[in-house]
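Some notes on the structure that comes next.
The values are calculated or read from the model by the stated rules, or taken from the named source; none is laboratory data. Quantities reported herein were computed from a predicted structural model and do not represent experimental measurements. A quick note on method: Cβ atoms are made from the backbone with ideal geometry, for glycine too, and the neighbour counts reach across all protein chains shown.
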Amino acid sequence: MKIAYVLNTYPQPSQSFIRREIQALERRGVEVLRLPMRPTQQILVDPGDLAEAARCHYVLHAGGVALLGAFLRILLFSPGRAVRGFMLAQRLARASGAWGRSLIYLLEAAYVARLVRKMGCEHMHAHFGTNPAAVAMLTEALGGPGYSFTTHGPEEFDSPKQLSLGLKVARSRMAVAISSFGRSQLCRWAPFQAWPRVKVVHCGVEPRHFPTSQPLPEGALRVVAIGRFVEQKGQMILIQALADALRDVPDLHLTLVGDGEMRPDLEAAIASLGLRANVTLTGWLSEAGVRDALAGSHALVMPSFAEGLPMVVMEAMAAGRPVLATYVAGTPELVLQDQTGWLVPAGDSPALAEALVRLAAVPRDKLKLMGEQARERVLERHDIDREAEKLAGYFHDCIAQGAG
């Protein structure tokens, strides 16, 4: 079985879950052709990301002439397909208002259609219901194989009509959500007849990277937050909550792992609130660096305003760390109150500050027990090899559906 993975910008530091999924499929004998549209502009530091980049066929590297030529060949030899693809691109454009962008997707799809036929791919799978799913859908219309796609959220669920999310589900052979919450959101926009094709396949962790629970560090409470520095991740409200919590827990320390457009704002807030001694910013870390950051903490804090189901929550739990998170999207499916962590309302700085103070008072033996319960839960639900086996089975069904 050979599958083409259609992606936008890959690999990226925040998308290690895609790499893990692809590699787990390959361990099962599935051939995977990596077809991202473009490389990231971020500096890659993880050896795994660097190795993945070397295996990618970047569509836009072919150049505009090659993409236009691929479409003109379809127009010449299969005019009906070219017209159907063009009409479908216009339908996407009417929904999004992005006429030029939809035409670019059509040209990308023409090039992808030629490449997947040449490489003998039996099916296409896109990650994210945004432009990768659009390119995969247009590729099928131009004569490529059938497609499926995985939605993660929150971007897809913020603009389902503009993204033609229901149309993408309806035309797909399968739509994947990473949580039950995500599946419910796809079913909101998909026709009822398509609901049986909407599956849940979790993002996964590799148990071999977390062979045992890491012992808790000695000393004052240390928490870590990991993610892109963007509004939806809630780091700014965490800084505000930390300033309040320090009145009761003056030796509390926060490590912020990640980077992004909000870094200058976060640095200014840390300085203005006098928190430089209590906050460490590390920048992006390799996967091994993330595991070290988790090992040096007592708990993960995930103050997000909007999410899918964060990988860092899974990684923290696999490392034996309880999680303080917000009631958003699929997070409560993993973080169980007072069992594997704690949940607070999103956007509520006083509640988050109070939770940090309570966390500081939790006896270490209870933290250890909660960490063990967290580890047991995540390894039961998010083992990447088990999820890849499930996904490979669904791919077989998709291919059989096309053959029938």
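Points to keep in mind about this one:
- Filtered residue count, segment 375-404, keeping only those that are free of Cβ contacts under 8 Å to residues at least 40 places away in the same chain and under 22 Å from residue 147 (Cβ atoms): 4
- The residues in segment 57-106 that are under 18 Å from residue 6 (Cα atoms), of a type outside the set (A, V, I, L, M, F, W, C) and surrounded by fewer than 21 Cβ atoms within 10 Å (Cβ to Cβ) can be counted, and the count is 5.
- Residues that are farther than 26 Å from residue 177 by Cβ and surrounded by fewer than 18 Cβ atoms within 10 Å (Cβ to Cβ) do occur in segment 107-117, at least one of them.
- For segment 132-145, a tally of residues being farther than 20 Å from residue 396 by Cα and crowded, with 24+ Cβ neighbours inside 10 Å returns 5.
- Residues that are under 15 Å from the mean Cα position of the chain (by Cα), surrounded by fewer than 24 Cβ atoms within 10 Å (Cβ to Cβ) and assigned to a loop (DSSP other than H, G, I, E, B), drawn from segment 294-328: 306
- Residue within segment 93-108 that is touching an Asp or Glu at 6+ places or on another chain (Cβ under 8 Å) and not aliphatic (A, V, I, L, M) present: no
- For segment 34-70, residues that are more than 25 Å from residue 100 (Cβ to Cβ), outside any loop (DSSP other than H, G, I, E, B) and touching a Phe, Trp or Tyr at 6+ places or on another chain (Cβ under 7 Å) total 1.
- Contact map, segment 156-174: first residue farther than 22 Å from residue 123 by Cα, second residue among the aliphatic types (A, V, I, L, M) and in a helix (DSSP H, G or I), Cβ cut-off under 7 Å, separation 6 or more or different chains; pairs are 156/165; 161/95; 162/95.
- For segment 245-293, taking the residues that are aliphatic (A, V, I, L, M), crowded, with 16+ Cβ neighbours inside 10 Å and modelled with pLDDT under 95, the one that is farthest from residue 317 (Cα to Cα) is identified as 285.
- Only one of 274, 260, 283, 308 that is on the phi < 0 side of the Ramachandran plot and not acidic (Asp, Glu): 308
- Failed condition for residue 358, given (1) farther than 21 Å from residue 211 by Cα; (2) basic (Lys, Arg); (3) surrounded by 15 or more Cβ atoms within 10 Å (Cβ to Cβ): (3)
- On the stretch given as segment 243-255, residues that are under 27 Å from the mean Cα position of the chain (by Cα) and within 22 Å of residue 327 (Cβ to Cβ) total 1.
- The residue of segment 30-56 that is farthest from residue 2 (Cα to Cα), among those that are surrounded by fewer than 16 Cβ atoms within 10 Å (Cβ to Cβ) and among the basic types (Lys, Arg), is 38.
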